[in-house]
Amino acid sequence: MSEQANKNVTLISSDEFSFIIPKPVALKAGMLADMLGEDSAFSESMSNTCNLDIRGVVLEKVCEYLLFKQRYESVDNKETVPDFQERIPPEIALELLVAADYLQSKLRAH
Amino acid sequence: MSRRNNNNNVRGPTSALTSFLREQGITGPTGDPYRRQQREIQQNPPPQPTTSRSPIPHHRSDSEDLDDDPIQPSLKRQKSNPQIEQDDPYTAPSKSQSSSAGGVGSKTSCIECQSKVIITKYTPTGPDGIGVLCPKCTSAHGIDPFKQAQSKPKPKKPAQKEKRIAPKVESSKPLSSLADYSIKVIIANIDYVENLGEIGGDATDTIAKVLSKNRSLNYKTVQLFLGSHQDTLSLYDAANLNPECLKSIATLCPSISRLKIAFAGQLNNDVIKDWCLRFRNLQHLDVHGAYLVKSDGWIEFLNTIGSSLQSLRISECPHFDQSSVEAVGRNCKKLNVLSISQIKMENQGVDHLNGLKNLKNLEIVQVEGNVTSEAIVNLLSNVGQCLEELNLSKNSDLDNGLLTNGIRLYCPNLRILNLNSCDLIDNSGFEDLFKQWNNIGLKQLDISLNHVINDKCLETILNKIGPTIELLNLNKLKDISKDFLLKIPSMIPKIREVDISWCRQTDDSVMKEFVETCPELIKITCFGCLLVTKDCTRKPGTQIMGCPALTM
């Protein structure tokens, strides 16, 4: 169980960039959790690889957000949470919005 | 005066306000030493005993006063002058005390070493709470005078408060989602963004949907979609757009031909009259939830724009009433698509629509008021010939007459029929229609929630439409037997989507029959079919939706 949880997963963008992130981090996104979760019987969860129809530059930001979320989700009040907004380049904001909606990161906000 | 103060002094601490103020550490400027003593002895002594307690009473000298006292006299005067003040008990003892002995600024001697001490706010009391300590003895006892002076009333309370607030703040501030962050960035840069016209219809529509889903469509984000060359505008959640903003849509996109606006809670008469003047090319209009547009607004709008409209969809607009429907009938002769749902209308209203000969799609759904079969039959006799889609669902006053005298006779070209939740239509009505209907073949049929339909009736229906049907909704036809359910798949070879939710007898063998027999089936919905197990047959390309055993 813990071995599995420590595995990495590979997210592949539409322009063939691969992003390797820890599985628990990937599971923060609802859509990825459905694809990669232990309950799902998709080939993605067997190979721990997802092909996503998202451009690399956008997917990179998605991964960055997931790591950011992993890091700051459970901090107490004393620690200041940096504003992720500053890290989003305006030129990809719209694409990122669509990608975020697709990955349903909102559903697992907690 | 002093007597009154003494009395007050006795009474004061018993009142709720007084004790509350004391707890909060609110006190007269000289109160500290006195109050500490007072709390320790847990009673309310008049100034006298207090004075007697301090070892050697001294008279105050003016020069010693200078440090702490300069404000005191005026304060005391202010407070004692009204004489009704609740603070009296506090000002009074401090006054009597500082003037006699033991108060701030007075001289006394240390309880330990007998050296002279000038009492200040920070002078600590002796070990037993009696007398005072000089600075030397204070440090010898390891007491931090500054800490002690402030500590007793204050630090406890704020600390507790902070603790109580902390979890609340934490729970009310979860991490924002990535979508929220993106929207913030978009809003921050909205002035630099050209509108999305060039991106392409699909992407624009997706972004509009996502923004609406996040309830972030406001006067800023809506700018993404506005532009003079825009042809289509879909606002899926216009609840946050105020009338001025809605007006600006018509100003900025005057040549728009397709407008969809949902949850248009702030769309009012003013705006819609403004739209009449500005939209030059509006052909397709879909409005949902425009509660504020009154009947006269709709009529004026339809009189001006109606003649060019090709499709009109109105839902949840309570003021779109019979007279508005009449305006539709009078003006909108080009209409191909008319959909009115959740509005108020009677039979006469339906009659106004008789002139719309070009209608291909007619939806009259969930009308409040008594719309009966006769009126609809009359309407169909006029417009039925071209109709391809007919949706009369959720009208509880329609009966078998609609099928026998209306649809059967006048609607030969119908491809899509929706009659869900029409409670008065029963088996004989459906049998009449489907036995003798000269129809070219239905593609979609929705007869869900007509509880009474039985095997024989459904067999008649499927015999007629089976070869052509692609989408079939049998939701809640609870009386269909398992034997017949097993027969259905072979009767509907072209089926693509089927809904057999709440057909009680559906089990694994029925599912297997559907999945294996229907080659083009892509979706089968089976909510509430408790006999279907996890092991039911599945195949790639066919989606099983709602199966209780699979979702648990």
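The values are calculated or read from the model by the stated rules, or taken from the named source; none is laboratory data. Treat the numbers as computed from the prediction; the structure is a model and nothing was measured. As a convention, Cβ positions derive from the backbone with ideal geometry for all residues, glycine included, and neighbour counts pool all protein chains shown.
Here are the numbers for this structure:
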{"read-out": "Residue match in the stretch B:150-165 (condition: surrounded by 12 or more Cβ atoms within 10 Å (Cβ to Cβ) and either at pLDDT 85 or above or among the hydrophobic types (A, V, I, L, M, F, W, C) (or both))", "value": "no"}
{"read-out": "Test: residue in the stretch B:325-337 that is under 21 Å from residue B:419 (Cβ atoms) and in contact (Cβ under 8 Å) with a residue 12 or more places away in the chain", "value": "yes"}
{"read-out": "Condition broken by residue A:97, with the remaining ones in (1) away from every other protein chain (no Cβ under 12 Å); (2) closer than 15 Å to residue B:183 by Cβ satisfied", "value": "(1)"}
{"read-out": "Subset of the stretch B:384-407 (residues that are surrounded by fewer than 21 Cβ atoms within 10 Å (Cβ to Cβ) and more than 19 Å from residue B:474 (Cβ to Cβ))", "value": "B:385, B:386, B:388, B:389, B:396, B:397, B:399, B:400, B:401, B:404, B:405"}
{"read-out": "Residue match in the stretch A:5-17 (condition: free of Cβ contacts under 8 Å to residues at least 40 places away in the same chain, farther than 22 Å from residue B:214 by Cβ and more than 13 Å from the chain's Cα centre (by Cα))", "value": "yes"}
{"read-out": "Criterion violated by residue B:516 - all others in (1) loosely packed, with under 15 Cβ neighbours inside 10 Å; (2) not in a helix (DSSP H, G or I) satisfied", "value": "(2)"}
{"read-out": "Residues of the stretch B:427-447 satisfying the condition of being crowded, with 22+ Cβ neighbours inside 10 Å and among the small types (Gly, Ala, Ser)", "value": "B:429"}
{"read-out": "Checklist (1) part of a helix (DSSP H, G or I); (2) hydroxyl-bearing (Ser, Thr, Tyr); (3) closer than 15 Å to residue A:104 by Cβ applied to residue A:40, failing item", "value": "(1)"}
{"read-out": "Some residue of the stretch A:100-110 being more than 16 Å from residue B:182 (Cβ to Cβ), more than 8 Å from chain B (Cβ to nearest Cβ), charged (D, E, K, R) and touching a helix residue (DSSP H, G or I) at 6+ places or on another chain (Cβ under 7 Å)", "value": "yes"}
{"read-out": "Residues that are surrounded by 20 or more Cβ atoms within 10 Å (Cβ to Cβ) and either acidic (Asp, Glu) or assigned to a strand (DSSP E or B) (or both), drawn from the stretch B:304-320", "value": "B:312, B:314"}
{"read-out": "Residue selected from the stretch B:324-342 under the condition β-branched (Val, Ile, Thr) and closer than 20 Å to residue B:272 by Cα, by the criterion nearest to the chain's Cα centre (by Cα)", "value": "B:340"}
{"read-out": "Failed item, numbered, when residue A:81 is tested on (1) closer than 23 Å to residue B:203 by Cα; (2) within 12 Å of another protein chain (Cβ to nearest Cβ); (3) touching a Phe, Trp or Tyr at 6+ places or on another chain (Cβ under 8 Å)", "value": "(1)"}
{"read-out": "Identity of the residue in the stretch A:11-37, touching a Ser or Thr at 6+ places or on another chain (Cβ under 8 Å) and within 12 Å of residue A:55 (Cα to Cα), that ends up surrounded by the most Cβ atoms within 10 Å (Cβ to Cβ)", "value": "A:11"}
{"read-out": "Top-ranked residue in the stretch B:272-292 [being of a type in the set (A, V, I, L, M) and assigned to a helix (DSSP H, G or I); ranked as farthest from residue B:219 (Cα to Cα)]", "value": "B:277"}
{"read-out": "Per-region count, the stretch B:342-399, residues farther than 19 Å from residue B:295 by Cα, of a type outside the set (A, V, I, L, M, F, W, C) and in a strand (DSSP E or B)", "value": "4"}
{"read-out": "In the stretch B:453-502, residue nearest to residue B:549 (Cα to Cα) [restricted to those that are of a type in the set (S, T, N, Q) and part of a loop (DSSP other than H, G, I, E, B)]", "value": "B:501"}
{"read-out": "Qualifying positions in the stretch B:364-396 - closer than 19 Å to residue B:352 by Cα and acidic (Asp, Glu)", "value": "B:368, B:374"}
{"read-out": "When residues of the stretch A:43-78 are limited to those that are within 11 Å of chain B (Cβ to nearest Cβ) and assigned to a loop (DSSP other than H, G, I, E, B), the one nearest to residue A:31 (Cα to Cα)", "value": "A:73"}
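The rows are residues; the columns are (1) of a type in the set (A, V, I, L, M); (2) assigned to a loop (DSSP other than H, G, I, E, B); (3) in contact with a Lys or Arg (Cβ under 7 Å, 6 or more places away or on another chain); (4) at pLDDT 85 or above.
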| position | (1), (2), (3), (4) |
| --- | --- |
| B:191 | no, no, no, no |
| B:204 | no, no, no, no |
| B:217 | yes, yes, no, yes |
| B:223 | no, no, no, yes |
| B:247 | no, no, no, yes |
| B:254 | no, yes, yes, yes |
| B:270 | no, no, no, yes |
